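The values are calculated or read from the model by the stated rules, or taken from the named source; none is laboratory data. Nothing here was measured: the structure is a model prediction, and the numbers come from that model. Reconstructed Cβ throughout: ideal geometry from the backbone, glycine too, with neighbour counts over all protein chains shown.
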Amino acid sequence: MTSTTEATSGRVLVTPPSIVRTGMQLPEVRWAAIALTLFLSGWALQLAGMPPWLWWSVYLACYACGGWEPALAGLEAARERTLDVDLLMIVAAIAAASIGQVFDGALLIVIFATSGALEVLVTQRTADSVSSLLGLAPERATLIAADGTTRVVDCRDLEVGQRILVRPGERIGADGVVIDGVSEVDQQVVTGESVPVTRQVGDDVLSGTVNGTGALTVEVTRPASESVIARIVALVENASERKAPTQLFIEKVEQAYSATVVVATVLVLGVPMMLFGSTFEDALVRAIVFMIVASPCAVVLSTMPPLLASIANAGRHGVLVKSAEVMEVVGRTSVVAFDKTGTLTEGRPEVTAITAESGWTLTQVLAIAAAVERPSEHPLGRAVVAAADDRDLEVSRVAEFRALPGRGVSGRVDGHTVVVERADSDQATGTLVRVIVDSADVGRIELVDRLRDDTTAAVDDVLTVTSEPVMVLTGDHRAAAQQIADRAGIGAVHAELLPEDKARIISDVERSGHRVLLVGDGINDAPALMAASTGVAMGRHGSDLALDTADAVIVRDDLHAVAALIRLSRTARRYVTANLCIAATVIITLVTWDLAGNLPIPLAVAGHEGSTILVALNGTRLLRQSAWTAPLSPPR
């Protein structure tokens, strides 16, 4: 089976390969409609008592319109020495016509073609729910030139570092960061947030989201080809080409099963004539029915629709899952591990404590430190300046500023030589810097990486869906790691790790029989992301290597998505199991009826194709919002 990508009106339509019968594309829906019209016309002529040659001709035209495409696909498969379900159906229809039951054969062609068309229309919802995001991205944006003038340009031509003006009510033309203005932005189409969120200087915005009542100046951080919307579509395309383990197993046994059906059909044809005296026509009808009801159409369609619908649903909520295989494996997670810096924490320090020596106040220590740190680009320096700004302190200007590599910064403030440098402290839970004025210590400032607002609640959510304690893996020293773990409610702490140490720990846990899901963001997390059953990268500030290595990406760094993704995967697995049970039950029931009784061809066709449509429809239920927000399921 192959996947198809069709360009229509500037959009990319992705047709998942294992959902749609070979060669069945949207244009063939028209052929199914023509076949149905011809069938109804032939039936009307037959009931009206018209000459047999007339309604036979109409039925044969129905055969041609509804059966040419499946027949071609079946013959192509036969040339590759494989058996195709389409070929089995065509053979059954021709066999029916050969014994004079052209009506039954035409009915089989029509229902088979119509069910195939319905499968395409149903499963296309999964692809449309993702690829339609491309239509949300505006084609044009207002570019702000270096001299302040503006002009309208194509969004696809925007480059990283350029600035665009987003007026009230407009869609944002590129992924970027706000550098001027305040507004509320409706992000529901991309992230699933039900209410607009406030975006101001320093906040990220996404292409295709809708600006509210304020004007924003946005600096482009990603080209159009790498925007969140484009990545969602690309990842779903890739997911369509990578099969889940269950799907791979089904496709592996499909050929053997189809060959078995052919052999069994021959036996169903020959045994009644040899042992029970059945006529050739009665035995052939029973064999035709057997070939129809034993075909594995519904089994083949049981797996991919739920998994691809889940991938689309996760994508709408800001989680990019790279394959159906990943979506299936996530649900088996028993241990979740987090990197610390940039994952559990914001990845940026904040001032948590200030001490002052005799003769100095806390405010004076912070103000003079901020003065000398003002020109610095170091994260610690920016944190000190931010703390002074938050307190509205009056900060003097610095002269003779110098960066001291590996130590800190220095400069002259109000005629005094000021040095801000790191202080050695094995007991510190964060980073300690000392402030020196004219060679005398005047105070110290402690900075700690800030815990994300959602970390504690997200860890609690994870604990409800896994069977083992949550782990934290970090290269930071143990005291800092333990403090973060205690605040987040994490029991297992592994600190002072090199990248290979993280990968080793993950591998050890995997060998003990657990499936590990690791969440990280840095280059040093890449080996561990590869070692884990599922690697998940933080999308906003994750390194390129982490994003490329991970199996899934949390676009907006929402840690609540970890538990939600595990829950969604388990729901998808339940749908797959239900679909397989439905398909197997229908096949067993209809085969038993045919062998033990007298199953009419129309009823056999309706039952077989009806189960195929049912499993496809059942899978698309995972596109609903409730599939993402359902109550947390217990670990399995």
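Here are the numbers:
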{"item": "Considering residues of region 538-561 that are assigned to a helix (DSSP H, G or I), among the aliphatic types (A, V, I, L, M) and in contact with a helix residue (DSSP H, G or I) (Cβ under 6 Å, 6 or more places away or on another chain) only, the residue surrounded by the most Cβ atoms within 10 Å (Cβ to Cβ)", "result": "Ala546"}
{"item": "Yes/no for Thr620 being touching a helix residue (DSSP H, G or I) at 6+ places or on another chain (Cβ under 6 Å) and within 30 Å of Leu473 (Cβ to Cβ)", "result": "no"}
{"item": "Filter pass, Ile179 being under 16 Å from Asp204 (Cα atoms), buried (at least 21 other Cβ atoms within 10 Å of the Cβ) and either of a type outside the set (Phe, Trp, Tyr) or at pLDDT 85 or above (or both)", "result": "no"}
{"item": "The lone exception for Arg348 - which of (1) surrounded by 19 or more Cβ atoms within 10 Å (Cβ to Cβ); (2) closer than 14 Å to Ile484 by Cα it fails", "result": "(1)"}
{"item": "Some residue of region 576-583 being part of a helix (DSSP H, G or I), within 30 Å of Gly318 (Cβ to Cβ), at pLDDT 85 or above and not polar (S, T, N, Q)", "result": "yes"}
{"item": "Members of region 489-519 found to be under 24 Å from Leu565 (Cα atoms) and either in contact with a Lys or Arg (Cβ under 9 Å, 6 or more places away or on another chain) or β-branched (Val, Ile, Thr) (or both), listed by number", "result": "Ile490, Val493, Ile505, Ile506, Val509, Arg515, Val516, Leu518, Val519"}
{"item": "Test result for Leu559, touching a strand residue (DSSP E or B) at 6+ places or on another chain (Cβ under 6 Å), of a type outside the set (Ser, Thr, Tyr), closer than 30 Å to Glu226 by Cα and at pLDDT 85 or above", "result": "no"}
{"item": "Sole residue being crowded, with 18+ Cβ neighbours inside 10 Å, at pLDDT below 75 and assigned to a helix (DSSP H, G or I), chosen from Ile19, Ile90", "result": "Ile90"}
{"item": "Residue match in region 323-340 (condition: under 21 Å from Asn598 (Cα atoms), touching a residue at least 12 places away in the same chain (Cβ under 8 Å), assigned to a helix (DSSP H, G or I) and among the β-branched types (Val, Ile, Thr))", "result": "no"}
{"item": "Unmet requirement for Ile490, which otherwise passes all of (1) outside any loop (DSSP other than H, G, I, E, B); (2) crowded, with 21+ Cβ neighbours inside 10 Å", "result": "(1)"}
{"item": "Among (1) modelled with pLDDT of 90 or more; (2) within 14 Å of Val351 (Cα to Cα) - the single one His416 does not satisfy", "result": "(2)"}
{"item": "Selection within region 588-600 - part of a helix (DSSP H, G or I) and surrounded by fewer than 21 Cβ atoms within 10 Å (Cβ to Cβ)", "result": "Ile588, Thr589, Val591, Thr592, Trp593, Leu595, Ala596"}
{"item": "Checklist (1) part of a helix (DSSP H, G or I); (2) crowded, with 24+ Cβ neighbours inside 10 Å; (3) at pLDDT 80 or above applied to Thr612, failing item", "result": "(3)"}
{"item": "Every pair of residues 6+ apart whose Cβ atoms lie under 7 Å, when the first sits in region 359-372 and is assigned by TED's automatic domain parsing to the domain that holds Arg434 while the second is polar (S, T, N, Q)", "result": "Ala371/Ser396; Val372/Ser410"}
{"item": "Condition check for Leu307: at pLDDT 80 or above, in contact with an Asp or Glu (Cβ under 8 Å, 6 or more places away or on another chain) and among the hydrophobic types (A, V, I, L, M, F, W, C)", "result": "yes"}
{"item": "Positions within region 475-487 being in a helix (DSSP H, G or I) and not β-branched (Val, Ile, Thr), in sequence order", "result": "Arg478, Ala479, Ala480, Ala481, Gln482, Gln483, Ala485, Asp486, Arg487"}
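Let's see how each residue does on (1) within 13 Å of Phe338 (Cβ to Cβ); (2) aliphatic (A, V, I, L, M):
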position: Asp486; (1), (2): no, no
position: Ile490; (1), (2): yes, yes
position: Gly513; (1), (2): no, no
position: Ser533; (1), (2): no, no
position: Asp551; (1), (2): no, no
position: Ile566; (1), (2): no, yes
position: Tyr575; (1), (2): no, no
position: Ile582; (1), (2): no, yes
position: Thr585; (1), (2): no, no
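One line per residue, one yes/no per condition, for (1) of a type in the set (Asp, Glu); (2) modelled with pLDDT under 85:
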| residue | (1), (2) |
| --- | --- |
| Leu393 | no, no |
| Glu400 | yes, no |
| Ser410 | no, no |
| Val420 | no, no |
| Arg434 | no, no |
| Arg444 | no, no |
| Arg450 | no, yes |
| Ala458 | no, no |
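Residue-wise test of (1) in contact with a His (Cβ under 7 Å, 6 or more places away or on another chain); (2) under 30 Å from Val262 (Cβ atoms).
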| position | (1), (2) |
| --- | --- |
| Phe290 | no, yes |
| Ser310 | no, no |
| Val319 | no, no |
| Arg332 | no, no |
| Val335 | yes, no |
| Asp339 | no, no |
| Gly342 | yes, no |
| Gly347 | yes, no |
| Thr352 | no, no |
